[in-house]
1. Using modelled backbone amide H atoms (1.01 Å from N, in-plane), which distant-in-sequence or interchain residues come within less than 5 Å of B:ILE377's amide H?
2. Which whole number in µm²/s is D for segment A:220-284 by Stokes-Einstein, with the Kirkwood Rh taken over Cα pairs at 10 °C and 1.306 mPa s?
3. Taking only protein heavy atoms into account and a 1.4 Å probe, give the accessible area per residue of segment A:1-142 in Å².
4. Provide, in order from the shortest bin, the percent of all Cα-Cα pairs of segment A:34-82 in each 10 Å bin, continuing until the bin that contains the maximum pair distance.
5. Just reorder B:SER371, A:SER198 by solvent-accessible area, largest first, 1.4 Å probe, all chains present.
6. Take A:ALA75, project a point 7 Å from its Cα along the Cβ direction, then tell me which residues of segment A:116-137 have their backbone nitrogen under 19 Å from it.
7. Run through the DSSP bridge list for segment A:8-283 and note the antiparallel percent, rounded to the nearest 5.
8. Compare the Cα positions of A:HIS171, A:LEU128, A:ASN102 along the charge dipole of segment A:8-283 (+1 at Cβ of Lys, Arg; -1 at Cβ of Asp, Glu; about the Cα centre) and return the one farthest towards the positive end.
Amino acid sequence: MAETGNSDAIAAAFADGPAYVPYLVVGDPDYESSKAYVEALDRGGADVIELGLPFSEPIAEGSTIQEALVRSLDAGMTPERFFEFAEEVDVDAAVVCMTYYNLIYQFGTDPGPRPFVERAAAAGIQGLVVPDLPAEEADPLRAACDEFGLDLVFIVAPTTRGDRLDRIMEHVSGYVYVQARLGTTGARDDVSDQTTASLDRLREYDVPKAVGFGISTGEHAERIVAGGADGIIVGSALVDLVAEGVEDDLSAEVVADRLEALSRELTDGAERGYRSRTETVESA
Amino acid sequence: MSETDTRTTDATDGAAPSRRPGRERGRGDGKFGRYGGQYVPEALMPAIEELTDAYERYVLNNEDGFMDEFRERLADFGGRPTPLQRADRLSERYDTEVYLKREDLLHGGAHKLNNALGQVLLAKYMGKERIIAETGAGQHGTATAMAAAHLDMPCTIYMGERDINRQRPNVFRMKLNGSEVKPVTTGRGTLKEAISETMRDWAATVEDTHYVIGSIVGPHPFPVMVRDFQAVISEEAREQAIEKTGGLPTDVVACAGGGSNTMGAFAEFVDDESVALRAVEAGGSTLEVDEEAGVAPNSASLFAGEEGVLHGARTKLLQDSDGQIMESHSVSSGLDYAGVGPELAYLVDEGRVEPVAVDDDAALEGFHRLSSTEGIIPALETAHAFGYLEEHHDELGERVVVNVSGRGDKDLDAAIEETDQRDLPNAPDMSMFTEGI
Ligand SMILES: Cc1ncc(COP(=O)(O)O)c(C=O)c1O
């Protein structure tokens, strides 16, 4: 892969084989359990972990993640607590923060994104994903990320084409988040045709492509990686397990084991997809 | 010859309205100084670019005669122009000439149709097949449902659960006009949540659906486009004032939630430096804020808010120190919103618009005063402007235009209930009814 990013850890995560990029909301349902859950993702083979910092108006999120964000906010999550979490959590994977722009903009005493990025860098965070920040509005955040060595990941939607795609690909660093379908986040049963079309459009750009939105099984992971993705991003399917734990009053250990098991299923699926790709190349 | 060349110039002013810089603001890049912008998920950006293009072609350049058709439908279906009426009792009470711009007489009973009809018609010109909208008081939802029925488009309205309970007559009206009403149960179930939920629908359906946003909020081009559709209020009022009184008003007063009736009433006056522009926000029960609970018992984002990013735009917001959006409050659902249009935020910073807050009690008093002395029952939103007159009439000049943004039929239950909880000197005794219910 080309040198596309600021973070060596993220570049390394995509360097050999498909990357598994799980997402969980920090502090869901409480600080300590969520630490155990994120560590379980790491044991399950995570290469990059997207940690969600909850915002009160998550306009890109479906109901699964909305409810998780509410659980976390109700349990007292704040940006500063989030950074402490990132410092304390014991994982090998590279860590990326996913949140909305107003929290980034308001952090610290001076308005603007710089104090947030500086604090994130100090907490060991390697990159940011900001779903309500299109490339047009991203210059100040991009400058701060470059200053502190963070990657700024952008989302490419099924509707993104032509000039817009070029503009985003100019800004992106680390990896590009390929949104598998239109709509909001949420686990689905099928793999969308929009995914294949998006990967085709992105083929000429030399940056790792991680596909997300709706992936919930090892079989999805396999098909998406076989279709050319460099990584899979999985959120709602994992958050569903946390929600189940809350509903059924399960212990944190049981939920952590389930998260680790689903992670293994997903990484195994991604590996199979990757092997089928290299085999096709070799036999060609 | 171009459009502007043929337009007759205004004798008292010398410049065609569209040449006035106040009317051009934000049109190019969607920025009002530091405010505005397009903070939305990438999936929506192509739709927003498509909409910007359509706005420029059809609204600004009248392509295919769009604006002509819009004006004709506003007249025939909507009942425009609305009158500018002298309020005799209020004029006497405050010892100043008080004129009412009667948007309550527009079809549907509020200014909202100006925008809803414009956007649904635009969606048709764009070839969209479905309409979605959020609503707070139900007035925008009602106006959108009417416009969608009028123009034969299927329509879905998102409305917070709490607002559904506060504004039942409007829910019935939307259903009667053939729209689907979807309750939003997240958060406190008010306008903020309804906007978020409509944006989520749009993110999934953007290819064939147009989102008719209900105020001068959201990503560019919504704030400028909604202002341009609502500007008909001040285009008429300015001419009517000159005709009736021989000159410009000294003050224009309008309530402000998101701010669409406000900017509609101000737009043509922004460049008239002598006219004071007063935006009246909902002061709720108090202007103090409960950081711990994340609650602001008011909706005074211009008056008490801080800069931030919400629902696609940088503007003034009610938020805590981390940037989490606060739950707002107002006795009127239509003002119950933690943000405000970016153009108003800018005009307030520039000192061009003066923001004031009027609390629930004063709004209810205003509601009763206009009802009992002028024979006009205002919407609770509008009532804030009359609360302001009572509290601040000393600061006003000799000729005041108040925008009567809507009528109060939708609010009768709420107004009677809220009145019952208070000791209001000018309210009629309704206990014989409330106790019996
Ligand atoms: C009658 C009336 N006035 C005012 C408002 C507030 O909206 P805006 O501030 O956009 O004019 C509403 C909103 O529902 C309304 O129904």
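The values are calculated or read from the model by the stated rules, or taken from the named source; none is laboratory data. On a predicted model such as this, the values are computed, not experimentally measured, just so you know. As a convention, Cβ positions derive from the backbone with ideal geometry for all residues, glycine included, and neighbour counts pool all protein chains shown. Accessible surface areas use protein heavy atoms only, side chains included; no ligands, DNA or RNA. Shrake-Rupley method; radii C 1.70, N 1.55, O 1.52, S 1.80 Å.
1. The answer is B:GLY408.
2. 121
3. In whole numbers, segment A:1-142 has 33 Å² accessible per residue.
4. 23, 48, 28, 1
5. Final ranking, largest accessible area leading: B:SER371, A:SER198.
6. none
7. For segment A:8-283, the DSSP antiparallel bridge percentage is about 0.
8. In segment A:8-283, that residue is A:HIS171.
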